[in-house]
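What follows is one structure encoded as structure tokens, with my remarks underneath.
The values are calculated or read from the model by the stated rules, or taken from the named source; none is laboratory data. Treat the numbers as computed from the prediction; the structure is a model and nothing was measured. Reconstructed Cβ throughout: ideal geometry from the backbone, glycine too, with neighbour counts over all protein chains shown. Keep in mind that these areas ignore ligands, DNA and RNA; they rest on the heavy atoms of the full protein, side chains included. Shrake-Rupley method; radii C 1.70, N 1.55, O 1.52, S 1.80 Å.
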Amino acid sequence: GAEGGSSSATALGRGFGTDLAAFARRYRGPLDEFGTPLQGAFLVTPRHGEVVAGPVAVFDAATAAAFSSASSPLGAADLASRLSRGMVFARAETGEVTAFLVSEVRKGRALLVDP
């Protein structure tokens, strides 16, 4: 499994969905305007989908350099806007999954994943 308690080897495996859902159900921190957790992420490699860490909080480099307890981690849309390619998935408490594709975030859009 990946670091931080994730039991899946890749984001394509069944265990990853279970890990992501369990994280969203346990999460008690602040939410963004879409109801998705602000303080948790799973880091996945872009080529093979290997889960390398999760759940983790991702901070802006400038924020990390001046880290304080008042620092806020990046939300899914903010994180996607800082990537050169790829996507960020966020799962709301309600169970909805939103995909923030880098190319779509640049146009001010996100995709709701409908099972």
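Of all residues in the stretch 21-35, those satisfying the criterion of being touching a residue at least 40 places away in the same chain (Cβ under 8 Å), in a helix (DSSP H, G or I) and open to solvent by less than 30 Å² (accessible area, probe 1.4 Å) are ALA21, PHE23, ALA24.
Rundown of residues vs (1) open to solvent by less than 40 Å² (accessible area, probe 1.4 Å); (2) modelled with pLDDT of 75 or more, yes/no style:
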| site | (1), (2) |
| --- | --- |
| PHE59 | no, yes |
| ALA64 | no, no |
| SER81 | no, yes |
| SER84 | no, yes |
| PHE89 | no, yes |
| VAL97 | yes, yes |
| PHE100 | yes, yes |
| ARG106 | no, yes |
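For the stretch 90-111, the candidate set comprises residues that are in a strand (DSSP E or B) and of a type in the set (Gly, Ala, Ser); within that set, the residue that is nearest to ASP32 (Cα to Cα) is ALA90. Each residue in the stretch 40-55 was checked for being touching a Pro at 6+ places or on another chain (Cβ under 9 Å) and in a strand (DSSP E or B), and 3 of them qualify.
When residues in the stretch 66-79 are screened for being at pLDDT below 80, open to solvent by 70 Å² or more (accessible area, probe 1.4 Å) and within 19 Å of GLU33 (Cα to Cα), 1 of them pass. Taken over the stretch 1-36, residues that are at pLDDT 80 or above and hydroxyl-bearing (Ser, Thr, Tyr) amount to 3.
When you look at GLU50, is it among the acidic types (Asp, Glu) and modelled with pLDDT of 75 or more, yes or no?
The answer is yes for GLU50.
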